[in-house]
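Peer 1: This is the structure I want to talk about, given as structure tokens.
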Amino acid sequence: MNFRASTPRFSKPPRLRASHAGRGRGLGVVLGMALLALACVPPLAHAGPYVWDQDEDGLDDRMETVNLLGYRFAFTNADTLGRQRFEVSQQAGGLVYGVYVVFDHPPTATDLTALAAIGMPVLHRLDSVPAVRSTATFTQAALARSLAGVERIEVIPIAYAALHDALAAIGEHDPSQVVFPSWDTAGLGGPGAGGPAVGGVPTRRGAGIVVAILDTGINDAPDGNYPGHESLLAHVVGGADYTHGDSLLDTPQSGSVNPTDHGGPGTNAHGTYIAGIVAGTGGSSGYAPGVAPNARLVDVRVLGDLGKGSAVAEAIDWCIANRARDWGDPDPSVRGIDVINLSLSSMDLSDGNDVASRAAARAVASGILVVASMGNDGLSAHVPSPAAGDGVIAVGAWDIQRTGAPGDDRPATFSNTGPRAGDGDLDAADEQKPTLLAPGVGTLAPDGDPTSDGAQYRRASGTSGAAAMVSGVLALLASAHPGASPQAITGWLTSTARRNLPGLAPGTLGVDPGWDSARGFGVVDAYAADLEAIATGRTQVRRLQVGATADSIRLELWSQRERGALHLALERALDSNGAPGAYAVYDSFACAGDPSLADGTNCTVYARSWPIAPADRGLTFWYRAAYSEDGMRFVGPARRLDTPSGTSRATLEATIVHNAYDHDIDAVFEGVSGYAGSPGLVSWPLPGSSAAVASEWVSGISTTGNVSQTFRVEIPAGAADSYLPPSDSSPWTLRVSEGGYLNRAGRIERFRLTWHGPNGDVVYEGSPTPAPTIEGQTTRVRIPAAVTGVPDFGASERAGLAAFPNPARANGAVQFSVRASAATRVDVFDLAGRRVGVAPLMVGASGLAEGRWIARDVRGAALAPGVYFARAGRALTRRLVLLAP
């Protein structure tokens, strides 16, 4: 999401170590002190003072730095135009700090009276940590520190938002089955002889689990003209607002509200985006679902309209108080709070002893799974609050290159790494952060912009999205394994996370041999974690990748544990009416893996390839892994593969944009032969969306299509030789017919044929594109292009005004033609009736009056995507749709 500049780490200038004593000579004492204030925190140790109180005087070093050097040192890089690190404001009487007064005991009425006596109001009293929120000048803070039982005065950090394919990368859901098995496909292999198939309970997908989203608010419900985001309707069961910093204005612990996010560019609807990753349904198209769409949400607003906030600890306190609450949902299992998601972070590092981190640790101790972002500064040994809390699952980002397959992955350079600063408890395991990595680059999730139609999605990057991925996986596991402890669920994730990560330089090792500071325990894998939950005592097969080239079958099989099996068998069955026939062993692998998941590998990869036998060409087979252990036989899910018929003579490729492709579209490639004696027509239907070779979300209007899918069909030698190469006598056509969904239309974005001729590849592009698909009609795109460049839009248009292409790209050209009119120009209007463009008409050689218009406004900028109207004279009008440029 929002990338932050590198954050200086401050320590207190007046009491720095002697090694810094000579700095500042020739620049003046004040400048020297300022430079010293930017020095790094002392080296990590297993014992020592609180990281922001190195002189152990009980006053936050950051407060003393600002008191000595000035207000600007409360900001990143000592620049007031940067992000503010903690609460401090300039008032008439001087600087006033937002502070937590931390006690060594639960504060009593006498303690609170003593604070009031020195002018420090009690704005909020925390239950999870013995602390109260207040405001104070530096003098008042020093007086408060001297009160009996006060442990320290801590400035309140300001937290910021730490911002499809990702679901495949974490082993949760992959319709194309590039990643197989996944959570959704678990158990598809059916029972084996003597034992059940592996897999959890994929149908639950988070049912009965409640996730609290502490963020900017979730735009899940109608609000004025905004209908609420389609992916999150009816998902929020309760919530709170903690953006005021005052218990008189914030939601009381017994209260519940449903906040909204009206922050515009200040928040970018961050909370809706995060909630959608955790539990979104994907709306009507189902294109971008969340990890656990059956989970329910509690909406706790902690970041205001500027995308920042300082009451994270108080909001966590509210969550702890409501961890068993009955939200009144019709499903009696929807109670309390099971997971807290904190896709936010402070600017400064932490050792886990700050109030927000301690509150998060207290939530963990109370039985809640807590997930927090590592932050986006790109710094090493920099774990911010609240991710630094003991037991909090701290999540960094990983770049999956928007594919599910792991081979092209690479590190996300903006993600902070560990280890965490030592907290003085002599337990080095506390410092092992990050805990996990998860996809966090270009993740597609709901766009909660309240000015939109509630059906839009966007891509964004950051450790925010990565944390939300892990929260969703926790909901999956908790739902599938009711009664499992938070410690057990966390253990399943950390022991099975993918550790062999391409391009990632090794980090600092920890006390656990499976952890290092760059990757934590690895990239989260939902399917692998579920395997560990249900099959701890036996061999586990976590991945079966089967693919084909024109001449060979290639396979990768990943084992996770190998307990007692001697061989892993690959079994194959011929397809029988869409289901596997009788299985037989196709090949096998001698087991050579490790029974433990504790080391740095936790996975053994077996790879092999075989030539395709002539008798197997053009047939469909099913493949699965099987093994025997302790007198029982186990089989995994089965994977289907269509064996190539032979060397491809041509490749057909089409890109269709439509939000209901599987339900509303009938699409076929057709070839016509110009040779005497050959069949007149051949055809290849386009497959379903699960067979798309690429897909993407495109901005625009949902009724005219947002989901772009590319399909590819190989034409084997012999099947269409007489139809190639394309020519006027042997044209190829992509035919798309629509029917069934009156409020869903789309377009053909591209049709391409690549002929693999004797002298190399020759590429032919179809025309016209983009070509709209119209309900109840058939749209055709042709190779070679038709003689006329104006498409046939139907009888009504042939008699009047035509526009091509339509839909068109904003900032692109639109060609108008008028058959019978005295009009001298075409005027273009927006929906408000404002003229936004003019195209002068001239009669061409065809006898048509023609004009060309560029879809820009008067300033030369691209017009906004949407619906417009073109008019020639008074009688001829047609609708024009503009897409994003």
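Peer 1: Can you tell me which of (1) closer than 30 Å to PHE751 by Cβ; (2) more than 34 Å from the chain's Cα centre (by Cα) is the one ARG563 doesn't meet?
Peer 2: Just one mismatch for ARG563, condition (1).
Peer 1: Also, quick follow-up: Given PRO687, PRO644, PRO679, which one is in a loop (DSSP other than H, G, I, E, B) and at pLDDT 85 or above?
Peer 2: PRO644
Peer 1: Additional query: Looking only at region 758-773, count every residue that is open to solvent by less than 60 Å² (accessible area, probe 1.4 Å) and either in contact with a strand residue (DSSP E or B) (Cβ under 9 Å, 6 or more places away or on another chain) or in a loop (DSSP other than H, G, I, E, B) (or both) and tell me the total.
Peer 2: Summing the residues that are open to solvent by less than 60 Å² (accessible area, probe 1.4 Å) and either in contact with a strand residue (DSSP E or B) (Cβ under 9 Å, 6 or more places away or on another chain) or in a loop (DSSP other than H, G, I, E, B) (or both) in region 758-773 gives 10.
Peer 1: Ok, one more. Going through region 456-479 one residue at a time, which ones are open to solvent by 10 Å² or more (accessible area, probe 1.4 Å) and of a type in the set (Gly, Ala, Ser)?
Peer 2: If the condition is that a residue be open to solvent by 10 Å² or more (accessible area, probe 1.4 Å) and of a type in the set (Gly, Ala, Ser), then ALA460, SER461, ALA478 are the ones that fit.
Peer 1: Now a separate question. Conditions: (1) open to solvent by 40 Å² or more (accessible area, probe 1.4 Å); (2) touching a Lys or Arg at 6+ places or on another chain (Cβ under 9 Å). SER628 meets all but one. Number of the miss?
Peer 2: (2)
Peer 1: Of TRP327, TRP318, which residue is at pLDDT 95 or above, aromatic (Phe, Trp, Tyr) and over 21 Å from LEU249 (Cβ atoms)?
Peer 2: Being at pLDDT 95 or above, aromatic (Phe, Trp, Tyr) and over 21 Å from LEU249 (Cβ atoms) holds for just one of TRP327, TRP318, which is TRP327.
Peer 1: Tell me, which residue of region 65-101 that is open to solvent by 20 Å² or more (accessible area, probe 1.4 Å) and charged (D, E, K, R) is farthest from the chain's Cα centre (by Cα)?
Peer 2: Out of the qualifying residues, it is ARG72.
Peer 1: Within region 202-244, count every residue that is open to solvent by 10 Å² or more (accessible area, probe 1.4 Å), under 17 Å from ALA478 (Cα atoms) and touching a Phe, Trp or Tyr at 6+ places or on another chain (Cβ under 9 Å).
Peer 2: 2
Residue by residue, here is whether (1) open to solvent by 20 Å² or more (accessible area, probe 1.4 Å); (2) modelled with pLDDT of 80 or more; (3) under 46 Å from the mean Cα position of the chain (by Cα) holds:
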{"position": "GLY800", "(1), (2), (3)": "no, no, no"}
{"position": "ARG809", "(1), (2), (3)": "yes, yes, yes"}
{"position": "ALA823", "(1), (2), (3)": "yes, no, no"}
{"position": "GLY851", "(1), (2), (3)": "no, yes, yes"}
{"position": "ILE854", "(1), (2), (3)": "yes, yes, yes"}
{"position": "ASP857", "(1), (2), (3)": "yes, no, yes"}
{"position": "ALA870", "(1), (2), (3)": "no, yes, yes"}
{"position": "VAL881", "(1), (2), (3)": "no, yes, yes"}
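Peer 1: While we're on this one: Tell me the residue from GLY422, GLY418, GLY442 that is under 13 Å from ALA381 (Cβ atoms) and surrounded by fewer than 24 Cβ atoms within 10 Å (Cβ to Cβ), please.
Peer 2: Exactly one residue qualifies, and that residue is GLY422.
Peer 1: Shifting gears a bit: Of the conditions (1) open to solvent by 60 Å² or more (accessible area, probe 1.4 Å); (2) in contact with a strand residue (DSSP E or B) (Cβ under 6 Å, 6 or more places away or on another chain); (3) over 15 Å from ASP642 (Cβ atoms), ALA592 satisfies every one except a single condition; which number is it?
Peer 2: Here ALA592 clears every test but (2).
Peer 1: Sticking with this one: Quick check on my filter: what residues within region 429-444 are modelled with pLDDT of 90 or more and hydrophobic (A, V, I, L, M, F, W, C)?
Peer 2: ALA429, LEU436, LEU437, ALA438
Peer 1: In region 264-380, which strands (runs of 3 or more DSSP E) lie fully inside it and hold 2 or more residues that are touching a Leu at 6+ places or on another chain (Cβ under 9 Å)?
Peer 2: 296-301, 339-342, 369-373
Peer 1: I would also like to ask the following. What tally of residues in region 609-638 results from selecting those that are in a strand (DSSP E or B), of a type outside the set (Ser, Thr, Tyr) and under 20 Å from VAL713 (Cα atoms)?
Peer 2: Result for region 609-638: 1.
Peer 1: With respect to VAL546, determine if the residue is open to solvent by 50 Å² or more (accessible area, probe 1.4 Å) and assigned to a strand (DSSP E or B).
Peer 2: In short, no.
Peer 1: Let me ask something else about it. I'd like the full set of residues that are surrounded by 22 or more Cβ atoms within 10 Å (Cβ to Cβ) and not in a helix (DSSP H, G or I), limited to region 480-498.
Peer 2: ALA497, ARG498, listed by residue number.
Peer 1: OK, next. For region 416-446, which positions are in a loop (DSSP other than H, G, I, E, B), among the small types (Gly, Ala, Ser) and within 30 Å of LEU544 (Cα to Cα)?
Peer 2: GLY440, GLY442
Peer 1: Looking at region 122-142, which of the residues that are surrounded by fewer than 20 Cβ atoms within 10 Å (Cβ to Cβ) and touching a helix residue (DSSP H, G or I) at 6+ places or on another chain (Cβ under 8 Å) is farthest from ASP60 (Cα to Cα)?
Peer 2: ASP127
Peer 1: Return yes when GLU556 is part of a strand (DSSP E or B), acidic (Asp, Glu) and crowded, with 20+ Cβ neighbours inside 10 Å and no when it is not.
Peer 2: Judged against the criteria, GLU556 is not a match.
Peer 1: Can I ask one more? In region 711-732, what residues are in a loop (DSSP other than H, G, I, E, B) and crowded, with 18+ Cβ neighbours inside 10 Å?
Peer 2: The answer is ALA719, ALA720, LEU724, PRO726, SER730, PRO731.
The values are calculated or read from the model by the stated rules, or taken from the named source; none is laboratory data. Owing to the predicted nature of the structure, the values given are computational and were not obtained by experimental measurement. Cβ: placed from backbone, ideal geometry, glycine included. Neighbour counts: every protein chain shown. SASA here: full protein model, heavy atoms, side chains in, ligands and nucleic acids out. Shrake-Rupley method; radii C 1.70, N 1.55, O 1.52, S 1.80 Å.
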